[in-house]
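Take a look at the structure set out below.
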Amino acid sequence: MVVNFRTRLLLLIAGGIGLALFVVVVAIVLATRQSVSLHTERELEVSERVLGQLINYRDEQLRQSAYVLADDFGFRQALASDDEETIISALTNHAQRLNADLVMLLNPQKETLLASHSLSTGERAIFDAHMEAEAITQTATTAAIILAEDDAFQVVWVPVRAPHLLGWLTLGFAVDRDLAEQLQQLTNSYVHFVIGRESLQPRVISSASERIQQQLEQALLTGQLDEFLSHEEKQARWISVIATPADTAENSIEVLLTASIGSAAQPFNALRTQLLVIVIVTLLVTVVVTLVASRRFVEPLSVLSRVADAIARGQYKQKIPFIGRDEVGTLAHALDSMQSAIEEREKEIWFQSQHDVLTGLANQRAFHEYAYHRLQRQEPWSLIVVNLDNFRRLNEMFGRSICDELLQQFAQRLERLCADKFFLARLQGDEFVLIYDGNLDHAEVELKSVLAAAQENIVMQQVSYSLALSAGMVEAPRHAQERD
Amino acid sequence: MSVAAANAPPTLLFQDAQGAPLAGVILFQTQASEDRHSDGSGLTPTVHVMDQVQRQFVPDLLLVAAGDRVSFPNSDSIRHHVYSFSPTRTFDFELYGNAEAPSVDFPQAGFVIVGCNIHDNMIGHIVVSATGEFLQSDDQGAMDISSLSTDDGWYAWHPWMATAGIQPIAASDLTSASVNVIAVEAPQARPETDLESRFRRRLQGGR
């Protein structure tokens with residue numbers, strides 16, 4: 001495929017600028033993606049700290065409330081009554097004052113006396129571990145989340161004294177969707193409590209929609225968490241804010257925080273759109289400017305190339321606009337002088353090809369062409385061949401240079417005599433041919449006068465040379481159809 | 001109270017906040033023209049009973065005359081701690097079982113709200129009228145007041161007013177010309193909570 005200069009220029013410039021823009025855009029997109037990722041990661045870090053504080057704060061609050069409750073005189077009186085039903089109804093009544101979802105009464109040795117939920121051995125082990133850890137550190141700074149009957153509860157336990165230690169009141173508060181949603185609002189990230197992450201049946205309590213919750217459970221089950229997260233355009237962070245000393249695969253409780261990459265990317269999306277618009281506009285402007293500029297550069301060149309083309313076809317009268325004084329102008333000048341030079345030379349060559357060098361008469365080739373064209377016309381014409389019969393003898397007698405001169409003189413005479421009447425050509429040596437435009441009869445009449453005048457002696461440098469002429473005639477197309 | 005139509009039997013109409021007829025409005029008297037007990041006329045005080053059955057007071061409303069006594073037996077297997085902080089009569093019977101039946105006298109007219117310290121949902125009402133006379137609105141919210149000779153010392157009260165924090169309304173502020181609207185609402189029926197049902201199952205399962 002031939003690509004013209006203008007298109008090449010356009011492709012080159014637009015391609016160059018396009019490539020530069022592409023590199024810039026890719027760099028920016030990569031940078032923003034990294035920035036978004038970093039931003040999301042930081043957000044998750046903040047969320048993690050906030051979540052940790054919130055859960056510990058909640059633990060503190062629940063503990064305070066439990067202390068107040070355990071201090072209630074009537075409550076203590078009921079617990080001290082040693083009547084199970086009274087104790088139960090007081091426990092229920094008072095636990096409900098705090099909206100507790102789980103209540104347990106332990107004896108001073110921390111064995112269960114009464115409980116709203118029955119804990120499995122594994123669940124109980126976690127609970128015991130929490131209590132032991134707290135008993136050792138003597139502080140209550142770490143929140144405890146336990147499982148009871150497969151549900152998760154944040155629990156606090158406080159002593160009940162009357163004034164000796166009556167037992168331990170344990171209150172549990174459901175770790176449920178409501179809590180997750182509250183935490184989401186405060187942490188600004190999705191909060192998922194994951195129970196038994198490594199187990200055969202991981203369960204998720206999520207602040208996100210039910211659909212997400214189920215998908216997350218499925219992803220955890222099949223070990224395709226990363227795929228799930230990338231599909232949902234989320235970044236995640238596992239946190240172990242809740243100490244679970246007696247973790248087993250089935251009973252582990254962890255928190256997964258996820259933050260949407262999309263929301264962090266939002267401000268960048270506008271930027272990306274702007275960037276895209278800028279790229280498109282720049283490319284368009286580039287194309288337009290290149291087209292306009294290339295028109296200015298290329299137009300003179302294409303004019304000149306058309307001129308050169310015409311010259312090649314033999315037209316030497318091209319008008320060449322002289323544009324400027326630059327290389328193109330120089331080229332135009334060169335072309336102009338070139339075309340006149342070629343014209344001159346060609347004329348000369350043509351003339352030489354059609355004429356006899358010695359006499360300047362039309363030569364054999366010219367005669368052949370003329371005869372050929374004449375034959376095409378299908379009109380009668382006459383061919384007369386004239387021979388200088390004594391030329392060979394003259395040649396021998398006077399030498400070549402004299403005879404050449406003689407031939408020239410004779411030719412001039414013939415030319416003069418034949419003007420307007422005959423086409424004259426020198427075939428070779430002393431043989432001339434005359435063509436008359438008409439039949440033989442007319443030709444004969446004309447020829448007689450010509451020959452009469454032609455065979456007069458030629459005087460050169462006081463020497464008279466006699467000429468002996470002979471002539472033969474044919475008529476075409478009567479006598480011949482072909483040139484030969 | 002302005003009795004508008006002399007020939008028609010004077011009737012008060014009551015409605016609640018929702019515009020429904022309010023039944024059970026009680027008209028009681030705070031002061032008697034003469035004290036029928038302290039004048040030594042020898043009338044023996046009546047002893048009323050407010051029982052405790054399945055963690056509720058039965059009946060949850062008692063109408064008594066000033067000077068009467070109320071006894072609070074416990075028919076539950078659970079102990080109760082019955083108390084009142086009402087200015088009309090304060091009392092406190094700390095946790096007792098069904099072997100005991102403490103009682104208390106009500107020398108003064110007014111209304112008394114009775115509670116149980118370990119059962120927040122147990123609420124009883126005792127209305128003490130000076131003379132022992134009461135008027136009550138029926139299911140249509142209508143109260144026939146033709147037997148009433150004077151407004152003085154008569155007050156209207158309804159148990160729901162305690163929840164709403166409304167004091168008894170003087171009878172002189174009521175009208176028979178139009179409907180008397182008292183801004184109270186029926187208490188929500190309270191479903192059994194998760195903890196209660198868990199322990200109930202446990203108790204029933206254990207016994």
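The values are calculated or read from the model by the stated rules, or taken from the named source; none is laboratory data. What you see is a predicted model, and the numbers here were worked out from it, not measured in a lab. Cβ: placed from backbone, ideal geometry, glycine included. Neighbour counts: every protein chain shown. Please note that ligands, DNA and RNA were not included when accessible areas were found on the heavy atoms of the full protein model with its side chains. Shrake-Rupley method; radii C 1.70, N 1.55, O 1.52, S 1.80 Å.
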Next item on the list: With θ set to phi - 60°, apply the Karplus curve 6.51 cos²θ - 1.76 cosθ + 1.60 along the stretch B:95-110 and write out the HN-Hα couplings as whole Hz, x wherever there is a Gly or Pro.
Entry: 1, 9, x, 7, 7, 10, 8, x, 9, 8, 9, 10, x, 10, 6, x
Margin query: Suppose each label sits 7 Å from its Cα in the direction of the beta carbon; what would the A:Ser118-A:Glu396 distance come out to in nanometres?
Written below: 15.8
Margin query: If the reach is capped at under 16 angstrom between alpha carbons, list the lysines near A:Lys448, excluding any in the same chain fewer than eight residues apart.
Written below: A:Lys421
Notebook entry, point to check: Helix A:84-97 versus the longest principal axis of chain A: what angle, 0 to 90°, nearest 10, using Cα atoms?
Noted result: 40
Check: Which value, in debye to the nearest 20, describes the size of the charge dipole of chain A about its Cα centre when Lys and Arg Cβ atoms bear +1, Asp and Glu Cβ atoms bear -1, and nothing else is charged?
Finding: 2780
Check: For helix A:364-376, what angle does its Cα long axis make with the longest principal axis of chain A, in degrees from 0 to 90 and rounded to 10?
Finding: 80
Check: Per residue, how much space in cubic angstrom lies within the convex hull of the C-alpha atoms of the stretch A:303-404?
Finding: 138
Check: Long-range amide H contacts for A:Leu113: which residues qualify at under 5 Å (H placed 1.01 Å from N, peptide plane, sequence gap of 5 or more or a different chain)?
Finding: A:Leu105, A:Leu106, A:Asn107
Checklist line | Karplus-derived HN-Hα couplings along the stretch A:429-436 (A = 6.51, B = -1.76, C = 1.60, θ = phi - 60°), whole Hz, x at Gly and Pro | finding: x, 9, 9, 10, 10, 10, 10, 10
Check: Where does chain A land at 222 nm, in deg cm²/dmol rounded to the nearest 500, when only DSSP H runs of n ≥ 4 count, each adding -39500 (n - 2.57), divided by all residues?
Finding: -19500 deg cm²/dmol
Notebook entry, point to check: B:Arg200 versus A:Asn56, label points 7 Å from Cα toward the beta carbon: distance in nm?
Noted result: 4.2
Margin query: Test of the criteria: in the stretch A:381-484, which trypsin sites (Lys or Arg not before Pro) are in a DSSP loop and have at most 15 other Cβ atoms within 10 angstrom of their Cβ?
Written below: A:Arg478, A:Arg483
Checklist line | Shielding score for B:74-82, defined as the mean number of other chain Cβ atoms within 10 Å | finding: 4
Notebook entry, point to check: Assuming R0 = 41 Å, what is the FRET efficiency of A:Arg177 and B:Ser75, from their Cβ-Cβ distance, to the nearest 0.05?
Noted result: 0.45
Checklist line | Positive-pole candidate from A:Ala80, A:Tyr436, A:Val463, dipole of chain A, charges at beta carbon | finding: A:Val463
Item checked: For the stretch A:341-397 and the stretch A:6-77, distance of Cα centres in Å -> 102
Notebook entry, point to check: For labels at B:Ala20 and A:Val459 in the simple 7 Å Cα→Cβ model, what's the distance in nm?
Noted result: 16.4
Check: Given the C-alpha centroids of the stretch A:132-193 and the stretch A:439-464, what is the distance between them in whole angstrom?
Finding: 146
Note to self: Can you tell me the length gained on complete extension of the stretch B:Ala186 to B:Gln54, counting 0.36 nm per residue apart and subtracting the Cα distance?
What the structure shows: 45.4 nm
Item checked: Length-normalised contact order for chain A - Cα pairs under 8 Å, 6+ apart - percent -> 12
Next item on the list: Measure nothing fancy, just the Cα-based angle from helix B:194-206's long axis to the longest principal axis of chain B, in degrees from 0 to 90, nearest 10.
Entry: 50
Notebook entry, point to check: Taking H as built 1.01 Å from N, whose amide H comes closer than 5 Å to the amide H of B:Thr11, not counting residues under 5 places away?
Noted result: B:Ile145
Item checked: Equivalent-ellipsoid semi-axes of the protein assembly as shown, from the Cα gyration tensor, Å, largest first -> 140, 36, 20
Item checked: Proximal aspartates and glutamates to A:Lys319, defined as alpha-carbon separation beneath 15 angstrom and excluding residues fewer than eight positions away on the same chain -> A:Asp309, A:Asp336, A:Glu343
Check: Got a sec to turn the phi values of the stretch A:70-80 into Karplus ³J(HN,Hα) couplings, 6.51 cos²θ - 1.76 cosθ + 1.60 with θ = phi - 60°, whole Hz, x for Gly and Pro?
Finding: 5, 8, 4, 4, x, 5, 5, 4, 5, 5, 7
Check: If you average 1/r over every pair of different alpha-carbon atoms in the stretch A:355-484 and take one over that average, what Kirkwood value in Å do you get?
Finding: 15.1
Notebook entry, point to check: Per residue, how much accessible area does the stretch B:54-111 have with a 1.4 Å probe, in Å²?
Noted result: 46
Checklist line | More than 23 Å apart - percent of Cα-Cα pairs taken over the stretch B:11-203 | finding: 49
